[in-house]
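In what follows, a structure is listed as structure tokens, so that the remarks can point back to it.
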Amino acid sequence: MSGHDHPHDHDHDHEDGSRFSEVELRVRALESLLVDKGLVDPTALDALIDTYETKIGPRNGARVVARAWVDPGYKRRLLEKGGAAIAELGYEGRQGEDIVVLENTPTVHNVVVCTLCSCYPWPVLGLPPVWYKAAPYRSRAVIDPRGVLREFGTELPDGVEVRVWDSTAELRYLVLPERPAGTEGMSEEELAGLVTRDSMIGVSRVAAPAVP
Amino acid sequence: MRVLTGADVEQAIRTSGGARVHVELPAKFKAGDRVVARNLHPLGHTRLPRYARGRRGVIDRDHGVFIFPDAHAAGAGQKPQHVYAVRFSLRELWGPEASERDCVLIDLWDDYLDPA
Amino acid sequence: MNGAHDLGGMHGFGPVEPERDEPVFHHEWERRAFAITLASGFLGQWNIDMSRSAREQMPAAEYLATTYYEHWLFGLERLLVEKGFVKPEEIEARVAELRRQRAGRAAES
């Protein structure tokens, strides 16, 4: 399954006869029919795109993680009832109605996949990246998790247990990555700046801040 | 039938979805129980992946009661039931060469499981 | 169903290929496909399980050779036709019209 076909300019209209030019025609045809029939409102379409392209993304999850790192009470609530604790920070909604937070520790490393489609905790991470939705990750995460992690530059010692969570139901999983060493003096905002999307999926760990 | 407008979007995103059903229903299993995933091969929609069918696992936790997708997709109602995170070792799934300690946890419904 | 979407444990798909600084959408048509799928879903005429089921009906070889939002497009068309909101002939007619318009623009330029 192709993950990404167009390494060049992403926004041009596909009038060059490429495979996507037919797909684009079909999408435009369908959209215009739906609008003509009054089934969809163009302002809703624009608002949906704007929301998920610019307003909801992994910075939300990073703030959740940073809060958990600095506030033990929040961390406890987060691990007990993820959705409610996440909602305390104002993040809730579609594809995140039931979130379970998984803590990574020196002995347990959690990583999340959806082998059957692309289930992902939208309110805290936004829409999933192409690699998460594509066949290589979906097929291999459950059979060779350490190999997949290695491709992301994550090498785990034998003593660590890897747990792969296949999101087959409407639960959505968020990994709480380990706080790296050397971050003791950092503010919550600075800490949030370190947290990557990939660390909240579990394929990477949060890197210690670069020493200036 | 209501058509979503731009003004509705934020509220709709915040409040619309979810599959949890707020009813008290008995659970077939509890954490620690040994289970085996059923060898079902429905033609319709299911969320029981092939790689788990017939494999033995342990209930890690009970997530509570949710809509059952196999029925829901077929227009046959919600059929609410318990969903569990079920832990399968890689060795159980993929054979003796695989890790015994690393594992996959799959969310599975009552109707997908039998006691082992 | 035992479809191509049930990918856990399959071999042969090669390495995971993350894209650096990947944009949320790679093409304008992806934005539109995403938005019309969600907006249509809000009509309340089908549920999310039916949406997934519709996408899973894509023939296996096609599923594996196409991208994520192409799967969404397939599923959405199937649901809209099944529920009687759109007829297949209407879609084809509109596609043909847009293709003519595009050819016309190309001839002018």
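The values are calculated or read from the model by the stated rules, or taken from the named source; none is laboratory data. Quick caveat, the model's predicted, so the values are computed rather than measured. Please note: Cβ atoms are built from the backbone with ideal geometry, for glycine as well, and neighbour counts cover all protein chains shown.
Brief remarks follow.
- Residue tally, condition outside any loop (DSSP other than H, G, I, E, B) and buried (at least 21 other Cβ atoms within 10 Å of the Cβ), over the stretch A:195-212: 4
- If you check C:30, C:22, C:56 for being among the acidic types (Asp, Glu), in contact (Cβ under 8 Å) with a residue 12 or more places away in the chain and over 30 Å from residue B:78 (Cβ atoms), only one passes: C:30.
- A residue that is among the polar types (S, T, N, Q), touching a helix residue (DSSP H, G or I) at 6+ places or on another chain (Cβ under 6 Å) and more than 9 Å from every other protein chain (Cβ to nearest Cβ) occurs nowhere in the stretch B:41-60.
- Odd one out for residue B:32, checked against (1) over 16 Å from the mean Cα position of the chain (by Cα); (2) away from chain A (no Cβ under 14 Å); (3) touching a residue at least 40 places away in the same chain (Cβ under 8 Å): (3)
- Number of positions in the stretch A:171-209 that are among the β-branched types (Val, Ile, Thr), in contact with a Pro (Cβ under 8 Å, 6 or more places away or on another chain) and assigned by TED's automatic domain parsing to the domain that holds residue A:118: 3
This table checks each residue for (1) in contact with an Asp or Glu (Cβ under 6 Å, 6 or more places away or on another chain); (2) within 21 Å of residue A:49 (Cα to Cα); (3) part of a loop (DSSP other than H, G, I, E, B).
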| position | (1), (2), (3) |
| --- | --- |
| C:20 | no, no, yes |
| C:69 | yes, yes, no |
| C:74 | no, yes, no |
| C:107 | no, no, no |
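Yes or no, residue by residue, for (1) touching a residue at least 40 places away in the same chain (Cβ under 8 Å); (2) touching a His at 6+ places or on another chain (Cβ under 9 Å); (3) surrounded by 20 or more Cβ atoms within 10 Å (Cβ to Cβ):
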| residue | (1), (2), (3) |
| --- | --- |
| A:152 | yes, no, no |
| A:160 | yes, yes, no |
| A:179 | yes, no, yes |
| A:182 | no, no, no |
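- Taking the stretch C:80-89 as the range and being among the small types (Gly, Ala, Ser) and in contact (Cβ under 8 Å) with a residue 24 or more places away in the chain as the test, no residue passes.
- Residues of the stretch A:33-59 that are closer than 20 Å to residue C:83 by Cβ and not in a helix (DSSP H, G or I): A:37, A:38, A:39, A:40, A:41.
- Look at the stretch C:90-103: where a residue is facing chain A (nearest Cβ under 7 Å) and a partner is loosely packed, with under 12 Cβ neighbours inside 10 Å and of a type in the set (Asp, Glu), sitting 6+ places away or on another chain with Cβ atoms under 9 Å, you get C:94/A:36.
- Exclusive hit being among the aliphatic types (A, V, I, L, M), part of a loop (DSSP other than H, G, I, E, B) and crowded, with 20+ Cβ neighbours inside 10 Å, set C:10, C:1, C:58, C:50: C:58
- If you filter the stretch A:28-71 down to residues that are touching a strand residue (DSSP E or B) at 6+ places or on another chain (Cβ under 9 Å) and not aliphatic (A, V, I, L, M), you find that the one that is nearest to the other protein chains (Cβ to nearest Cβ) is A:61.
- Reported count of residues in the stretch A:58-94, each being of a type in the set (Gly, Ala, Ser), under 30 Å from residue B:102 (Cα atoms) and buried (at least 16 other Cβ atoms within 10 Å of the Cβ), is 7.
- Positions within the stretch B:53-102 being touching a Gly at 6+ places or on another chain (Cβ under 8 Å) and among the hydrophobic types (A, V, I, L, M, F, W, C), in sequence order: B:58, B:59, B:71, B:73, B:74, B:83, B:86, B:88, B:93, B:94
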